[in-house]
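These notes concern the structure reproduced below.
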Amino acid sequence: MTRYVGLSPSQCENLYWQPFQNYRHTAEQHSAPVSAPEATSAAAHLPLVFTRTGPGEAFQLSVLLGLAEGANHCLDANYRWQCGYIPAVERTHPFRVLPTKPDSTERALCVDMDSPWVTDIEGEPFFGEDGQPAPKVREILEVLTDLEKHMLKTQQAVEALASHKR
């Protein structure tokens, strides 16, 4: 399960994140979205597919991770990734850049509060003593901001393809 909330000192007070040691957070994912720049690398190892996030939703470019809903066949018994390519959205977990409101173009850095890598015990701080995002969080934000730009351009291309129903 995922529960993304905007990353803020009030939401993440007394919480930490741990850089993950395995990919157990992907165990129930049978597909993952990819951007056009990563599609070539991804396609060398995994099938590219067009998926929908729900009934009536737009198509998105994805890689197929498993043949059954809720099963990721790219993982071994210890949740280590066994395929030659790991989608960018999986490498940046528990973070995502998401719209602040439905249908909004404004985006915010969010964290999956249900992730096994978010903890109240120990790990990397989300914020520094000055209340600003910690350096590692700022690095992730830069990566995710670039990824979000690529995902939006990829989505535009997918929608253009979908508009030519044949």
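So, how do all the Cα-to-Cα distances of the chain break down into 5 Å bins, in percent, from 0 on up?
1, 8, 15, 20, 20, 16, 11, 5, 2, 1, 0, 0
Please list the non-local residues whose amide H lies under 5 Å from the amide H of residue 127, H modeled 1.01 Å from N, same-chain partners needing a gap of 5 or more.
Answer set, sorted by chain and number: 134.
Relative contact order for the chain: what is it in percent, counting Cα pairs under 8 Å that are at least 6 residues apart? Don't skip to the answer; put the middle values down first.
Working: 255 pairs, mean separation 54.1, N = 166.
This gives 33 percent for the chain.
With r defined as the distance between the Cβ atoms of residue 13 and residue 91 and R0 fixed at 25 Å, what FRET efficiency is calculated, to the nearest 0.05?
Result of the calculation: an efficiency of 0.40.
Which residue, 148, 122, 38, has the most motion in a Gaussian network model of the chain that connects Cα atoms within less than 10 Å?
In this elastic network of the chain, the residue with the biggest mean-square fluctuation among 148, 122, 38 is 122.
So how much slack lies between residue 138 and residue 59, counting 0.36 nm per residue of separation and subtracting their Cα-Cα distance, in nm?
25.4 nm
Mind checking the full-extension length gain between residue 44 and residue 100? Use 0.36 nm per residue of separation minus the Cα-Cα distance, one decimal, nm.
16.7 nm
For each of 121, 86, count neighbouring Cβ atoms within 10 Å of the residue's Cβ, then give the residues from fewest to most.
121, 86
For a quick check: sort 45, 93 by the number of other beta carbons within 10 angstrom, fewest at the front.
Result, fewest neighbours first: 45, 93.
At what distance in angstrom do the alpha carbon centres of the stretch 76-135 and the stretch 1-41 lie from each other?
Value for the Cα centre distance between the two parts: 4 Å.
So, with +1 on the Cβ of K and R and -1 on the Cβ of D and E, and no other charges, what is the size of the charge dipole of the chain about its Cα centre, to the nearest 20 debye? Please report the intermediate quantities before stating the final value.
Values: 14 positive and 21 negative charges, 148 e Å.
Magnitude of the dipole: close to 720 debye.
Given R₀ = 35 Å, what would the calculated FRET efficiency be for residue 122 paired with residue 150, taking r from the Cβ atoms and rounding to 0.05?
Computed FRET efficiency for residue 122 and residue 150: 0.55.
If you average 1/r over all unlike Cα pairs in the stretch 78-166 and invert the result, what Kirkwood radius do you get in angstrom?
Values: mean 1/r = 0.0643 Å⁻¹.
For the stretch 78-166, inverting the mean 1/r across all distinct Cα pairs yields 15.6 Å.
Go ahead and run the numbers for FRET between residue 83 and residue 21, Cβ-Cβ distance against an R0 of 25 Å, rounding to 0.05. Present the calculation step by step, with values, prior to reporting the outcome.
Numbers: r = 18 Å, r/R0 = 0.71.
Efficiency for this residue pair is about 0.90.
Under 1.5 on a/c is rounded, so check that first for the stretch 12-100, then, if it is not, pick prolate when a/b is larger than b/c and oblate when it is not; a ≥ b ≥ c are the square roots of the alpha carbon gyration tensor eigenvalues.
It is oblate, given that a/c is not under 1.5 and a/b is not larger than b/c.
None of the figures in this text is laboratory data; all of them are computed from the coordinates on show. Bear in mind the structure is a predicted one, so any value in this text is a computation, not a measurement. Methodologically, a virtual Cβ is constructed for each residue, glycine included, from the backbone with ideal geometry; neighbour enumeration extends over all protein chains shown.
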